[in-house]
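Data first, discussion second: the structure below is written as structure tokens.
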Amino acid sequence: MSALPSRYGIGDLGPAAFQFADLLTRTNQRLWQVLPVGPIGPGASPYSSPSTFAGNPLLISPEPLVEDGLLTEDDLAPLTALPDDHVDYARLVPRKRTVLRTAFERFRADASTADAARIRRFQETQSAWLDDYALYAALKDAHEGATWTEWESALARRDPDALQRARDEHETAIDRHVYWQYLFHRQWTALQAYCRARDIRLFGDLPIYVARDSADVWAHQDLFHLDEDGDPTVVAGVPPDYFSPEGQRWGNPIYRWDRMAERDFKWWTERLRRAFALFDLVRLDHFRGFDEYWAIPAQHDTAIDGSWEKGPGAAFFRAMENEFGDLPVVAEDLGIITDSVGALRDTFEFSGMAVLQFAFGGGPDNDFLPHHHRRNLVAYTGTHDNNTLVGWWREDLSKKEREFVRSYLNLPDTNPDDSVHRQALRAVMASVADRVVTPLQDVIGLGSEGRINTPGTEGDNWTWRLRPGHVSDEDEALLAELTHLYGRASNYE
């Protein structure tokens with residue numbers, strides 16, 4: 001969502017979001033997949049959020065607040081001075097927070113009884129997560145961003161008397177964070193209704209783990225492997241492989257699945273309840289972790305000395321089905337997937353994933369090649385962690401792989417750079433996979449300048465933005481044509 005155009009330094013839930021839904025309608029699209037929409041974490045990553053339940057206040061659109069008389073154009077001047085071709089988080093965050101604080105103060109000074117009642121109802125319906133999050137966020141502000149383990153011991157360990165004193169002392173700050181969540185909810189719900197009226201399903205992304213410095217861990221410390229100081233004793237990651245000799249040490253605290261099972265997975269039930277309220281379909285990131293997970297001793301700097309531990313498996317998903325019925329879930333089953341992971345996915349009939357960019361490292365028997373696709377699958381040209389198709393074609397392939405791609409996608413001898421994204425999209429559209437998702441950068445044929453994230457790096461990740469005019473009439477026409485040609489359109493006029 002942050003990549004949408006706007007005048008205010010970051011894409012948001014305002015007019016451009018509705019205009020993008022209109023673009024999807026014009027091109028016969030029925031699925032809009034987005035990255036996590038929670039508050040951003042270190043490095044502006046949506047995958048290290050301080051809350052898996054909350055919405056990102058940076059995505060709140062100023063336009064409705066101007067219409068409500070809560071903001072003026074003068075208030076928004078610091079945001080309009082920001083660049084429109086990328087998100088400059090260092091400058092954006094303090095400015096956007098100041099703008100949202102102004103809106104809150106004006107609302108609070110002149111809130112009607114009806115407005116106050118609506119916020120109170122919102123707080124009551126979301127109390128399972130909102131009360132803890134708002135207090136955590138207020139305390140985080142009061143401690144100038146310090147990790148919760150660095151707060152006074154009584155607050156870090158959630159002594160009831162200390163928490164009550166904090167609620168009293170920081171009442172205004174708590175109300176402010178509740179108000180921002182209410183604004184996000186109101187704007188998200190409006191966009192959601194607009195999409196549903198046009199037969200567009202919103203497809204969300206749920207990371208399996210949560211950030212160590214989060215309201216989730218602070219409020220539920222007994223559900224994670226933590227020591228007496230609140231620090232993880234084991235952390236998440238993946239083991240060494242051909243691409244990563246030391247593996248990947250993600251650093252997230254690992255769940256106490258035994259305790260979660262004893263409580264009928266109540267925390268996860270609430271987490272999925274929230275996700276299903278926001279989205280029509282949810283991707284479960286790192287699906288393998290539900291079958292078995294790599295646990296790394298926290299004192300180790302690499303993932304080498306971790307070990308595989310048994311995850312909650314089928315018992316978890318049976319509990320979720322008992323609560324929600326059929327689960328609108330896609331399993332992120334990329335990487336090295338064991339038979340037991342595939343069996344878990346297939347037992348519950350979850351869709352898996354296939355990424356075209358991963359299809360050319362071997363020969364014609366690669367499962368990710370479109371001629372091997374199965375029905376219950378989401379086929380991707382690439383994901384947020386990949387280079388764009390054009391960037392991939394230009395920069396990431398060996399000579400042997402380039403020849404395979406050229407032959408498989410039937411690229412012309414002259415100017416293949418101009419057609420690789422179109423031919424790749426045609427190839428996945430033509431497969432039997434029930435769903436196809438492509439990054440917008442691949443629809444419009446951007447090079448690596450359009451890449452949104454490079455895993456394992458810091459710097460310019462998550463900053464790319466779509467600009468007005470980026471999507472040409474020709475781009476729209478091709479997307480609409482391929483969607484119709486391969487029977488994926490919602491109408492066939």
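The values are calculated or read from the model by the stated rules, or taken from the named source; none is laboratory data. Since this is a predicted model, take the numbers as computed values, not measurements. Neighbour counts are summed over all protein chains in view; Cβ atoms, including those assigned to glycine, are modelled from backbone coordinates with ideal geometry.
Let me spell it out: the conditions are (1) within 21 Å of residue 361 (Cα to Cα); (2) touching a helix residue (DSSP H, G or I) at 6+ places or on another chain (Cβ under 6 Å); (3) among the polar types (S, T, N, Q), and residue 441 meets all of them except one. Which number is the exception?
If we test residue 441 against (1) within 21 Å of residue 361 (Cα to Cα); (2) touching a helix residue (DSSP H, G or I) at 6+ places or on another chain (Cβ under 6 Å); (3) among the polar types (S, T, N, Q), just (1) comes out false.
Hey, among the residues in segment 54-109 that are free of Cβ contacts under 8 Å to residues at least 12 places away in the same chain and within 22 Å of residue 39 (Cβ to Cβ), which one's surrounded by the most Cβ atoms within 10 Å (Cβ to Cβ)?
105
In segment 308-409, which helices (runs of 4 or more DSSP H) lie fully inside it and hold 3 or more residues that are in contact (Cβ under 8 Å) with a residue 24 or more places away in the chain and among the aromatic types (Phe, Trp, Tyr)?
So the answer is 313-324.
Rundown of residues vs (1) of a type outside the set (Val, Ile, Thr); (2) at pLDDT below 95; (3) within 25 Å of residue 372 (Cβ to Cβ), yes/no style:
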| residue | (1), (2), (3) |
| --- | --- |
| 404 | yes, no, yes |
| 424 | yes, no, yes |
| 431 | yes, no, yes |
| 439 | yes, no, yes |
| 448 | yes, no, no |
| 452 | no, no, no |
| 456 | yes, yes, no |
| 460 | yes, yes, no |
| 490 | yes, yes, no |
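Look through 315, 319, 275 and report the one residue that is crowded, with 19+ Cβ neighbours inside 10 Å, closer than 22 Å to residue 216 by Cβ and modelled with pLDDT of 95 or more.
On the way: 315 fails: crowded, with 19+ Cβ neighbours inside 10 Å; 319 fails: crowded, with 19+ Cβ neighbours inside 10 Å.
Residue meeting the stated conditions: 275.
Going by the conditions given, is residue 12 crowded, with 19+ Cβ neighbours inside 10 Å, within 22 Å of the chain's Cα centre (by Cα) and among the acidic types (Asp, Glu)?
In short, yes.
Could you list all residues from segment 341-385 that are aromatic (Phe, Trp, Tyr) and either modelled with pLDDT under 95 or under 14 Å from residue 408 (Cβ atoms) (or both)?
Once the filter is applied, which keeps residues that are aromatic (Phe, Trp, Tyr) and either modelled with pLDDT under 95 or under 14 Å from residue 408 (Cβ atoms) (or both), segment 341-385 yields 358, 360, 368.
Only one of 227, 231, 205, 213 is touching a His at 6+ places or on another chain (Cβ under 9 Å) and at pLDDT 95 or above; which?
Just a single option satisfies the conditions, and that option is 205.
How many residues, within segment 347-357, are closer than 17 Å to residue 286 by Cα and crowded, with 18+ Cβ neighbours inside 10 Å?
Qualifying residue count, segment 347-357: 6.
Go over the candidates 121, 158 one by one and state the one that is of a type in the set (D, E, K, R) and in contact (Cβ under 8 Å) with a residue 24 or more places away in the chain.
158
Give the residues of segment 62-71 that are out of contact with any Gly (no Cβ under 6 Å at 6 or more places or on another chain) and either part of a loop (DSSP other than H, G, I, E, B) or among the acidic types (Asp, Glu) (or both), sorted by residue number.
67, 68, 69, 70, 71
Which one of these is modelled with pLDDT of 95 or more, surrounded by fewer than 15 Cβ atoms within 10 Å (Cβ to Cβ) and not small (Gly, Ala, Ser): 181, 164, 192?
164
State the number of residues belonging to segment 24-61 that are assigned to a loop (DSSP other than H, G, I, E, B), among the small types (Gly, Ala, Ser) and at positive phi. Quick ask: steps written out before the conclusion?
Step one: of segment 24-61, the residues assigned to a loop (DSSP other than H, G, I, E, B) are 27-30, 34-41, 45-56, 60-61.
Cutting the leftovers down to among the small types (Gly, Ala, Ser) gives us 38, 41, 45, 48-49, 51, 54-55, 61.
With the extra rule that they be at positive phi, the set shrinks to none.
Residues in segment 24-61 being assigned to a loop (DSSP other than H, G, I, E, B), among the small types (Gly, Ala, Ser) and at positive phi: 0 in total.
If you scan segment 442-476, which residues turn out to be of a type in the set (Ser, Thr, Tyr), assigned to a loop (DSSP other than H, G, I, E, B) and surrounded by fewer than 17 Cβ atoms within 10 Å (Cβ to Cβ)? Break it down into steps so the answer makes sense when it comes.
Step one: filter segment 442-476 for residues of a type in the set (Ser, Thr, Tyr), giving 448, 454, 457, 463, 472.
Keeping just the survivors that are assigned to a loop (DSSP other than H, G, I, E, B) gives 454, 457, 463, 472.
Correct list: 454, 457, 472.
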